[in-house]
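Everything below concerns the one structure shown next.
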Amino acid sequence: MNRKRPALWLLVLVLGVAISGLAATPRGSIRGFVYQDVDGDGACEYGVGGVDLPVNGATLIFSTDDTLLTLYSGSDGSYGLVAAGQGRWLVRAAPAASRWSVISTNPLLAEVSATGQLLHTGVNFCLRAVSSGASSFAVAVAESSTSITHSVSLLRDDAASSGETLPAEDTDPVVSEALLSFPPVSEPVPDLEMIAATPVGVEAPPVAEWLSYLNQFRTMAGMAALADNPALTLGSQAHARYMVINDKPIAHSESPSNPLFSEAGLQAAKNGNIFATTQFQADHEWAINFWISAPFHLIRILDPGLAEVGYGDYNEAVGNFHMSAVLDVASNVGAPPANQTYPIYFPGDGSVTPIVRHSLYEWPDPVDSCSGYTRPTGPPIILQLGDGTLTPSVSSYTFMAGDRRLAACVFTETSYTNPDPYAQSNGRYLLGAQDAIVMLPRSPLEAGQTYTVTI
């Protein structure tokens, strides 16, 4: 595989539909790093392998006169706002105040202009730890887990309850970005015919790595482990390459006239969870983490009738989108095992999860069903009651952190709402197929906290 240096990133996650519509005017990008001043010299060396360390999960707030966006730094300290509209952007680092102080200029100004400068790099921030201890990266990893416990009683009438929530600190070690309104203009490789005609050994990720990581989440729900289906993996790998080379980050189909078309790739396109990013070094953990954080994609992974899947990803620094991944979850679904028991809890009672926020756009959009909610929210908490023959109805629910009642919304196959009728129908179908109840906490979860869910 031709691996080159990473570029700016945009994370995209969509189920069952492609995104259309491109920017009509030139757009820019704003990139930089967030680092910790380890040696105490009052400055940071960014990305040069010195003593200073990258800060993972730091909040970056981007604002113009009419736009407000929030992104987070990655494990290498980098961040990137792509497809930034022209104008004066203020970029402010807002890390958790209990752990960090910003010692560099904050905020910074980036003027995106077609007549001036569209691409802004080196928009960097230097942090100092408020207290001594482990480095920011070690703290993020050590504190990234959140315990979940459940007490459940099944009630049959519709009602709702709500409570106040306290803001959670930004402690998720997984990078996340909001889906921007205007993705970069697609830039397919010009010599597709030559690429397609040249034999190439597409480097697939080792099955043991991605399958083991995926099955951690199945185990968390008390479900049987999934197996790799080599044929489905071959198709998933082919479609992942198709999307990167054609710079089509969200493609649930393949054009028969395209030189990279294949029947196996088309099958994976139609039956797969899809992930794409402009961040070159993304791997299977990036893709799986976001599918787990997105309820309508997670439900497909938690299907009791699913025994075999295929997975493929592809990285190449061409076009705008440098990595894509496909998890075929629908080509080989059967009936649930005869000994399957319900309810199915995710996360399981007493388990520990590293997924603490839902921040990436998903179609259908779960946030549309939660009045007043904006991303990032907490991650989905799912209760599956059956095999699609029931109609769940929730009369009451609580979401607690100790003795604090926190705000959360709940939706089912009859209560999920979306202003787009097709999206609503699609979402209700996915929920109904597994009699699923989804709880979405209003705020990201706090690392090291124990939460109790009652439905």
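The values are calculated or read from the model by the stated rules, or taken from the named source; none is laboratory data. Being a predicted model, the structure only gives us computed values, none of them experimental. Here Cβ is always computed from backbone atoms with ideal geometry, including for glycine, and neighbour counts include all displayed protein chains.
Per-structure values
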| quantity | calculated |
| --- | --- |
| Count of residues meeting criterion [over 27 Å from the mean Cα position of the chain (by Cα) and buried (at least 20 other Cβ atoms within 10 Å of the Cβ)] in the range 393-403 | 1 |
| Residues satisfying the stated conditions in the range 410-433, i.e. among the β-branched types (Val, Ile, Thr), more than 25 Å from Glu446 (Cβ to Cβ) and either buried (at least 16 other Cβ atoms within 10 Å of the Cβ) or touching a strand residue (DSSP E or B) at 6+ places or on another chain (Cβ under 9 Å) (or both) | Thr412, Thr417 |
| Test: residue in the range 230-243 that is in contact (Cβ under 8 Å) with a residue 60 or more places away in the chain, in contact with an Asp or Glu (Cβ under 7 Å, 6 or more places away or on another chain) and within 15 Å of Leu306 (Cβ to Cβ) | yes |
| Where a residue in the range 65-76 is farther than 15 Å from Tyr35 by Cβ and its partner, wherever it lies, is modelled with pLDDT under 75 and surrounded by 17 or more Cβ atoms within 10 Å (Cβ to Cβ), with Cβ under 8 Å and at least six apart | Leu69/Ala178; Leu69/Leu180; Thr70/Ala178; Leu71/Ser176; Leu71/Glu177; Leu71/Ala178 |
| Flag if Thr389 is surrounded by fewer than 21 Cβ atoms within 10 Å (Cβ to Cβ), farther than 16 Å from Val367 by Cβ and modelled with pLDDT under 95 | yes |
| In the range 187-223, residue surrounded by the fewest Cβ atoms within 10 Å (Cβ to Cβ) [restricted to those that are at pLDDT 95 or above, out of contact with any Phe, Trp or Tyr (no Cβ under 8 Å at 6 or more places or on another chain) and not hydroxyl-bearing (Ser, Thr, Tyr)] | Gln216 |
| Subset of the range 238-276 that is touching a helix residue (DSSP H, G or I) at 6+ places or on another chain (Cβ under 7 Å) and among the hydroxyl-bearing types (Ser, Thr, Tyr) - its residue that is farthest from Gln216 (Cα to Cα) | Ser262 |
| Some residue of the range 404-417 being in a helix (DSSP H, G or I), closer than 20 Å to Asp368 by Cβ, without any contact (Cβ under 8 Å) to a residue 24 or more places away in the chain and over 22 Å from the mean Cα position of the chain (by Cα) | no |
| Number of the exception - Leu266 against (1) part of a loop (DSSP other than H, G, I, E, B); (2) more than 19 Å from the chain's Cα centre (by Cα); (3) not charged (D, E, K, R) | (1) |
| Qualifying residues in the range 299-323 (those that are assigned to a strand (DSSP E or B) and among the hydrophobic types (A, V, I, L, M, F, W, C)) - the one farthest from Ile382 (Cα to Cα) | Met323 |
| Output for the range 76-109, where each listed residue is of a type in the set (S, T, N, Q) and surrounded by fewer than 17 Cβ atoms within 10 Å (Cβ to Cβ) | Ser98, Ser101, Thr105, Asn106 |
| Residue match in the range 355-362 (condition: surrounded by fewer than 20 Cβ atoms within 10 Å (Cβ to Cβ) and at pLDDT 95 or above) | no |
| Condition check for Gly448: surrounded by fewer than 19 Cβ atoms within 10 Å (Cβ to Cβ) and over 22 Å from Phe217 (Cα atoms) | no |
| Some residue of the range 107-118 being modelled with pLDDT of 85 or more, within 25 Å of Thr374 (Cα to Cα), part of a loop (DSSP other than H, G, I, E, B) and in contact with a Leu (Cβ under 6 Å, 6 or more places away or on another chain) | yes |
| Residue within the range 284-294 that is within 14 Å of Asn315 (Cα to Cα), surrounded by fewer than 24 Cβ atoms within 10 Å (Cβ to Cβ), outside the structural domain of Leu431 (by TED's automatic domain parsing) and touching a His at 6+ places or on another chain (Cβ under 7 Å) present | no |
| Residue satisfying condition, being surrounded by 22 or more Cβ atoms within 10 Å (Cβ to Cβ) and modelled with pLDDT of 95 or more, within set Ala436, Ala407 | Ala436 |
| Wholly within the range 45-97, strands (runs of 3 or more DSSP E) carrying at least 3 residues that are under 22 Å from Leu445 (Cα atoms) | 59-63, 68-72 |
| Within the range 46-74, tally of residues that are of a type outside the set (A, V, I, L, M, F, W, C) and buried (at least 17 other Cβ atoms within 10 Å of the Cβ) | 10 |
| Where Tyr429 falls short, out of the listed (1) in a loop (DSSP other than H, G, I, E, B); (2) over 20 Å from the mean Cα position of the chain (by Cα) | (1) |
